[in-house]
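Presented below is the structure to which this report refers.
The values are calculated or read from the model by the stated rules, or taken from the named source; none is laboratory data. No experiment lies behind these values; they were computed from the predicted model shown. Backbone-built Cβ (ideal geometry, glycine too); neighbour counts: all protein chains shown. Please note that ligands, DNA and RNA were not included when accessible areas were found on the heavy atoms of the full protein model with its side chains. Shrake-Rupley method; radii C 1.70, N 1.55, O 1.52, S 1.80 Å.
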Amino acid sequence: LLLGTIDPLLAGITTPAAQMIDPNYQVGPEANWYFMMVSTFLIAFLGTFITEKVVEPRLGKYNEDEASEALNSSIEHLSGLERKGLIYAGLTFLFLVILLALTIVPADGILRNPETGLIKGSPFLKGIVAFIFVTFAIPGFVYGKVVGTMKNDRDVINAMSKSMSSLSMYIVLVFFAAQFVAFFKWTNLGTILAINGAELLQALSMTGPEVFILFILMCALINLTLGSSSAQWAATAPIFVPMLMLIGYAPETIQAAYRIGDSVTNLITPMMSYFGLILAVATKYKKDMGIGTLIATMLPYSMAFLVGWIALFYLWVFAFGLPVGPGSPIYFQP
């Protein structure tokens, strides 16, 4: 329901792609906030419906003989010290949220855009990653301090180092993604492909909703082999953002459509980073669960999400003409 770290990440890729057509165009982290917030309720409803009406009846009743380990008596309850740590961390988080709200909610908030007084283009949105980090890091330290797992600055550094070690692959990926985007801009290859593609779409009279349906389906297909959201967008944005801008659509709307295609097939691709974890958990309940069985179990979710999300996008953009985010236009005006 709120902005996450994926929002500025995708916006940072969309912006240089859009600047191939308009050098001054900027896409903010809030570009898809309205649409993604409403999508949360849609996906929750569809997921619940598919679970209760389709998936759960197919799985049948739980049989302990099919489980790989006992699952009925391994829950550990919180200690008194851990409860105290959670209370203090929760109060710290509440204080930080209130403090942050005081800088952005009032009309004269210091983190609003100093020129327009709006949230769009404000220091708050430009520094959203830092604010997310601080808002969660401080309560985490408070919890560690109370329970005794973080006694000094060295413990904090060690914890951060452990977390960063898991990001090494992502850092390498971002480096090459940045080179890819820069290469497209330097060679004008993205612009050439975009112009030719836009002319083809116009020649085929495909400039309406059907363009986005095909775009979403293509992104969903690519996602089966390229699980990283940022890597896929870094490869496709320099081509499709300028192309769809040339037939009249705003980068914010294009990015929203991409997020649909990038999400719906995550459940059925082994390339997703969490797929192994999901399989490991599933085998606790059914020890002979394999990749194929898991994909078949998840397929109804993927199909329902694809149909439901495309329908929402069509109604949102083309039927009601609603912006996908604060100040986000639907159509591109050169």
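Please calculate how many Å² of accessible area the chain carries per residue, with a 1.4 Å probe and no DNA, RNA or ligand atoms counted.
Accessible area per residue, the chain: 57 Å².
Calculate for the chain the 222 nm mean residue ellipticity that helices alone would give, adding -39,500 (n - 2.57) per DSSP H run of length 4 or more and normalising by residue count, nearest 500 deg cm²/dmol.
The per-residue figure over the chain is -21000 deg cm²/dmol.
Tell me, what is the FRET efficiency for Arg83 and Phe45 to the nearest 0.05, using R0 = 35 angstrom and their Cβ-Cβ distance as r?
0.55
Please check: in the Gaussian network model of the chain (C-alpha springs, under 10 Å), which one of Leu244, Leu91, Leu224 has the largest mean-square fluctuation.
Top of the fluctuation ranking is Leu91.
Between Lys120 and Tyr285, with labels modelled 7 Å along Cα→Cβ, what's the label distance in nm to one decimal, could you check?
About 4.4 nm, to one decimal.
Name all residues of region 308-328 having a backbone nitrogen under 18 Å from the label point set 7 Å from the Cα of Leu204 along its Cα→Cβ direction, giving them as ranges.
none
Leaving out ligands, DNA and RNA, and with a 1.4 Å probe, what % of the accessible surface on region 188-334 is carbon or sulfur?
Within region 188-334, the accessible surface is 72 percent carbon and sulfur.
What spacing in nm lies between the two simple spin-label points modelled at Ala130 and Ser165, each 7 Å away from Cα in the Cβ direction?
Once both label points are built, they end up 2.9 nm from each other.
Could you order peptides 326-332, 132-138 by the average number of other Cβ atoms within 10 Å of their residues, highest first?
Output ranking for 326-332, 132-138: 326-332, 132-138.
How long is the gain from Gln333 to Glu56 if the chain were fully straight, where each residue apart is worth 0.36 nm and the alpha carbon distance is subtracted?
Here the answer is 94.9 nm.
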